[in-house]
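The values are calculated or read from the model by the stated rules, or taken from the named source; none is laboratory data. Computed from a prediction, not measured in an experiment: that's the story for all the values here. Positions of Cβ are backbone-derived with ideal geometry, glycine not excepted, and every protein chain shown enters the neighbour counts. The protein model used for the area step is the full one, side chains on, heavy atoms only, and it has no ligands, DNA or RNA in it. Shrake-Rupley method; radii C 1.70, N 1.55, O 1.52, S 1.80 Å.
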Amino acid sequence: MTITPQDAGTAPRAATLPLPAPPGTPPDTPEAMSGALPRESPPTRPRVRMRALDGLRLLAALMVAGYHYGGRGGDITEAWGSSAAVQFPSAHTWFAYGCLGVQIFFVISGFVICMSGWGRSLSAFFASRVSRLMPAYWVAVALVTLVFALPWVAYEAVSPSDALVNMTLLQQPLGVDRVLGVCWTLWAEVRFYALFALCVVLPGANRRRVVLFCAVWTLAAALAKASGEAFLDVLLMPEYAPYFIGGIGLYLVHRDRRDALAWGIVGVSWLLGQHYAVADLWHPDSQDAFSYRSATVIVLIVTAGFAAVAAIALGALNRLDWQWLTVAGALTYPFYLVHEHLGWVVVGALHRGLGIPAWATFVLTVAAMLGLAWLLHRFVERRFTPLLRDALSRTALGLKRG
């Protein structure tokens, strides 16, 4: 999953977004000039760094890591040598809520992708997204495949053919075994990018078009859920659409905090988002369940995610301007890619192999994955993302001239 405020320059940057301009500036957007949804478009003011968004992204990634290491069963049980409920008798209940970091990621993604696509051509948007996603992803797939192929690693590697298909990011619709467990979120991101590109970026982003996109997608997703049609469910993603749409609404709020329609989009998205989160994740407290998740706590975490992005959008967290947050944001995506599967190997080696206590193993594994993420960022993303972006941009320019 990539949800980054950066379009991957040669060095990590904090997210920078235009703030609303002073009142009285003439409207200049197509929707204002056409008279549809009449509002004055907030012109651009000097950009302000939004390092808090980088920090929130890393926090969401650490939530997911906590879930994968201490809040679920499956292969991590083999790594620990027993259930995470045994390793973390009290904390495992809270780690189980860490999977909600994905919903927070999706809200951030809606915010950032709307910002990224505003004023961009379709070819530039495509080049920025592909170059941001793929270099680290390709290396992560290759790395996990190679590690799992080692004879002393207990986890089963996918077949060479399936590993190659994974390089396309189309393994899920094709029913191919996944190399990275977290890639299901990338598949959701790709579908969101495609919908936003075709409906907003291609015709040209403006407030009227973005509002219409949010309204139509919200209604269409609800109808898709009611219809039970598998294709519509895959295309419109009813369970995840509210988070992306809510993030888009918050970007509109960032542009103009007085925008009542934008606040309405955010409110409806939050209401639907908490419903889907509870429906997917709640289960009663029982002996058969690995851990109990409270519906109330799920709602509170989803609400906190929306509220955190809203606070950033409104500038309430602009004081969180520490340089290390920029680094945190840069490490989030590669950390997210590698932490789960390679984390199993590290946990097993440290805990069962060396006898290091569970909490120390947990902390050391997170630190090791952050270190690996730094290497991927430094030697893969910073080198190859600009090269791939420039190559795609030149190709698009050549096709346009041809």
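Below is a table of values for the structure above.
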| read-out | value |
| --- | --- |
| The chain: angle of helix 358-376 to the longest principal axis, Cα-based, in degrees nearest 10 | 50 |
| Cα gyration tensor category, rounded, prolate or oblate, for the stretch 177-321 with a/c compared to 1.5 | oblate |
| Prolate/oblate/rounded call for the chain, Cα gyration tensor, a/c under 1.5 rounded | prolate |
| Cα gyration tensor, the stretch 262-402 - rounded (a/c under 1.5), prolate or oblate | oblate |
| Solvent exposure ordering (accessible area, 1.4 Å, most first) of ARG191, ARG382, ARG208, ARG132 | ARG208, ARG382, ARG191, ARG132 |
| From phi via Karplus (6.51, -1.76, 1.60), per-residue ³J(HN,Hα) for the stretch 75-92 in Hz, x at Gly/Pro | 5, 5, 5, 5, 5, 6, x, 6, 4, 4, 5, 7, 5, 10, x, 9, 6, 4 |
| Relative contact order [Cα under 8 Å, 6+ residues apart], the chain, whole percent | 27 |
| Gap separating the Cα centres of the stretch 161-209 and the stretch 331-364, nearest whole Å | 28 |
| Under 14 Å, Cβ to Cβ, from ARG191 - net charge with Lys/Arg +1 and Asp/Glu -1 | -2 |
| Exposure rank, largest accessible area first [TRP324, TRP152; 1.4 Å] | TRP152, TRP324 |
| Options ALA205, VAL190, MET237, ranked by Cα towards positive dipole end of the stretch 174-272, top entry (Cβ charges) | ALA205 |
| Probe 1.4 Å - accessible area at LEU170, Å² to nearest ten | 80 |
| Net charge of Cβ neighbours under 9 Å - reference TYR155; Lys, Arg +1; Asp, Glu -1 | -3 |
| Distant-in-sequence amide H partners of ARG293 (H built 1.01 Å from N, under 5 Å) | HIS283 |
| Total formal charge among the other residues, if their Cβ is under 14 angstrom from that of GLY247, Lys/Arg +1 and Asp/Glu -1 | +1 |
| GLU239, GLU78, ranked by accessible area, largest first (probe 1.4 Å) | GLU78, GLU239 |
